[in-house]
Amino acid sequence: MKLVVVSAGLSSPSSTRLLADRLAAATAGRVDAEVEVIELRDLATEIAQHFVTGFPPARLAAALDAVAAADGLIAVTPVFAASYSGLFKSFFDVIDKDALTGKPVLVGATGGTARHSLVTEHALRPLFTYLRALVLPTAVYAASEDWGDEGLDRRIARAGGELARFMAPAAADAAPDVDTAAAIAPRSLTGAITSVDPADGFEVVPFEQRLAALRAE
């Protein structure tokens, strides 16, 4: 089984690469998979040549083949002008139109401020939906202030668990880890997400009864 990670970070060290590595670790910790990381900054010249010539150089061809052959994909980009970077988009512009069909994809992004947190929903998710990929429910955005915060750790664990379950459902369910289990919100008896664990026992008060209590006040 193969997990491919595409990182569009430009600096070294890169917070984008750091997030990509942590998402890969959260996934690989639950399913037996070979991890391959593709750094797009190393392929920038080859991507530009492909646009001009119509033929991918050897290194870019190998990267495109790796993505097409992957059982799961993690794609992480820094935010530029409130969207994904041009390098990130260019890579997925030259990929075969059928390469991601039905493939589980975990998307992530990094930025300097939390104001860009919806980039995963208004930019990344539509891009991979257009490519007919199976975009996982949990996307992970990391602003500068998120690093070291438990909330980011929980989102990473949840997202990695989701990708592992789509890559190999039986293996992922057979070896649950504590961090991912804690990251998944418990559900009430009706299936709604709740902050109360049903295993602890709790009383469900009908909404009509709550309204009647308010009127009595």
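The values are calculated or read from the model by the stated rules, or taken from the named source; none is laboratory data. It should be emphasised that the depicted structure is a prediction, and the values quoted were computed from it without experimental measurement. Every residue, glycine among them, receives a Cβ derived from its backbone with ideal geometry; neighbour counts consider all protein chains shown. The area values use the complete protein model at the heavy-atom level, side chains included, leaving out ligands, DNA and RNA. Shrake-Rupley method; radii C 1.70, N 1.55, O 1.52, S 1.80 Å.
Write down the percent of antiparallel bridges among all DSSP beta bridges whose residues are both part of region 1-138, to the nearest 5.
Working: 2 of 21 bridges.
In region 1-138, approximately 10 percent of DSSP beta bridges are antiparallel ones.
In square angstrom, what is the accessible area per residue of region 7-113 with a 1.4 angstrom probe?
42
So if I place +1 on the C-beta of Lys and Arg and -1 on the C-beta of Asp and Glu, and nothing else carries charge, what would the dipole magnitude of region 1-144 be about its Cα centre? I want it in debye, nearest 20.
On the way: 12 positive and 13 negative charges, 85 e Å.
So the dipole magnitude of region 1-144 works out to roughly 400 debye.
Hey, any idea what % of region 24-88's accessible area is carbon plus sulfur with a 1.4 Å probe?
Values: 1670 of 2900 Å².
The computed percentage sits at 58.
Where does each of 113-122, 31-40 land if you order them by average Cβ count within 10 Å, highest first? Walk me through the intermediate numbers first.
Values: 113-122: 15.2, 31-40: 17.9.
Most protected by this proxy first, the peptides run 31-40, 113-122.
Which value, in debye to the nearest 20, gives the size of the charge dipole of region 77-142 about its Cα centre, when Lys and Arg are +1 and Asp and Glu are -1 at the Cβ? The partial results should precede the final answer.
Details: 6 positive and 4 negative charges, 19 e Å.
Magnitude of the dipole: close to 80 debye.
Take every DSSP beta bridge whose two residues both sit in region 57-137, then give the antiparallel share in percent to the nearest 5. Kindly include the intermediate steps, with their values, before the conclusion.
On the way: 2 of 10 bridges.
Percentage antiparallel, nearest 5: 20.
Report the net charge of residues surrounding residue 56, where surrounding means a beta-carbon distance below 11 angstrom and charges are Lys +1, Arg +1, Asp -1, Glu -1. All intermediate terms of the calculation are to be shown ahead of the outcome.
Working: positive: 59; negative: 46, 65, 96.
My count for the surroundings of residue 56 gives -2.
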